[in-house]
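Notes to accompany the following structure.
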Amino acid sequence: MQTMFISVPSGYRTVNFPDPDCEALPGVRWGRFDELLTAAYWKGQADQAEAFGLRQRLRLGSDLLEETAACLLGGYGMRGELGVLAFRRLRDIGILKRCAPAEEIEANLAEPFVMRNGTNLHYRFPRQKARYLEAMLVVLRTFEEPEDDVVLRDALTAIPGVGLKTASWAVRNHRASDSVAVLDVHILRACEHLGIFPARSDPQRSYRELEESFLKFASAIDVPASLLDAVMWRHMRLIAA
């Protein structure tokens, strides 16, 4: 048995893990909690993040439309901070409250964004994202949400520019869903290192199979999937920086 102590505002709490050589899943050892990127490490980091309310801070928008817009504006090849700034600009000027034309959306995305360090950055592919966002606003204006999280995720992929990852991201944030996973490059690297995913996994070809493996791992270490992929993303992003 291993024991980890977590500092929390009220004092501390303990997290117990099986011995390092025990398996969380067949072929996946728990490892030591103080060894980077082991199953025990992710369990410990996730429990600590939960204690400090990380899951409550994942949501970016006030409803499904805003959340999908925020995730559509972020994603592959886009700095996370820049995607959030783009979303907030469009939200704050009221574009997300109406079916704004692509030309107006593009004009606002094309204006430089001031980052925290004072530098100006330009949003990548403003014309393409503007067309996607215009279509999304039309679809979600009258969209009725299904109760099932996976059904909702799959329905969102009918929107141009919204793939499984973006749709999963929106549903995870909007509903704090543990039924989907946001399989970006950081999650892939973490799971390949653990042996949960095969080397050079391709979510474009096997997203659902990889997602199922991720959800099984989250359940095996008793961590909500929505929390685990958020923690993995944050940590792997820092390691890759």
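The values are calculated or read from the model by the stated rules, or taken from the named source; none is laboratory data. What you see is a predicted model, and the numbers here were worked out from it, not measured in a lab. Please note: Cβ atoms are built from the backbone with ideal geometry, for glycine as well, and neighbour counts cover all protein chains shown. The area values use the complete protein model at the heavy-atom level, side chains included, leaving out ligands, DNA and RNA. Shrake-Rupley method; radii C 1.70, N 1.55, O 1.52, S 1.80 Å.
Might you let me know whether the range 43-59 holds any residue that is more than 21 Å from LEU228 (Cα to Cα), surrounded by 14 or more Cβ atoms within 10 Å (Cβ to Cβ) and either in contact with a helix residue (DSSP H, G or I) (Cβ under 6 Å, 6 or more places away or on another chain) or not hydrophobic (A, V, I, L, M, F, W, C) (or both)?
No, the range 43-59 contains no residue that is more than 21 Å from LEU228 (Cα to Cα), surrounded by 14 or more Cβ atoms within 10 Å (Cβ to Cβ) and either in contact with a helix residue (DSSP H, G or I) (Cβ under 6 Å, 6 or more places away or on another chain) or not hydrophobic (A, V, I, L, M, F, W, C) (or both).
Sort through THR38, THR14 and tell me the only one that's over 23 Å from PRO126 (Cα atoms) and either surrounded by 12 or more Cβ atoms within 10 Å (Cβ to Cβ) or touching a residue at least 60 places away in the same chain (Cβ under 8 Å) (or both).
Every option except THR38 fails the conditions.
Please give the number of the condition LEU65 fails out of (1) part of a helix (DSSP H, G or I); (2) out of contact with any helix residue (DSSP H, G or I) (no Cβ under 8 Å at 6 or more places or on another chain).
(2)
Does ARG153 satisfy being farther than 29 Å from VAL15 by Cα, of a type in the set (Lys, Arg) and touching a Ser or Thr at 6+ places or on another chain (Cβ under 9 Å)?
yes
Can we say VAL151 is closer than 21 Å to GLY80 by Cβ, out of contact with any Leu (no Cβ under 8 Å at 6 or more places or on another chain), surrounded by fewer than 16 Cβ atoms within 10 Å (Cβ to Cβ) and of a type in the set (Val, Ile, Thr)?
Answer is no for this residue.
Restricting to the range 1-48, and then to whatever is outside any strand (DSSP E or B) and more than 26 Å from LEU188 (Cα to Cα), can you tell me which residue is modelled with the highest pLDDT?
Among those residues, the one meeting the criterion is MET1.
Under 7 Å between Cβ atoms, at least 6 apart or on separate chains: pull out the pairs that start in the range 79-106 with a residue that is more than 19 Å from SER62 (Cα to Cα) and end on any residue that is at pLDDT 95 or above and of a type in the set (Lys, Arg).
Pairs found: ALA102/ARG131; GLU106/ARG127.
Please go through the range 170-225 and pick out each residue that is open to solvent by 30 Å² or more (accessible area, probe 1.4 Å) and not in a helix (DSSP H, G or I).
Result: ALA176, ASP178, SER179, GLY195, PRO198, ALA199, ARG200, ASP202, ASP222, PRO224.
Just to verify a result, which residue in the range 97-138, among those that are among the basic types (Lys, Arg) and within 24 Å of ALA158 (Cα to Cα), is least open to solvent (accessible area, probe 1.4 Å)?
Across the range 97-138, the extreme among qualifying residues is LYS129.
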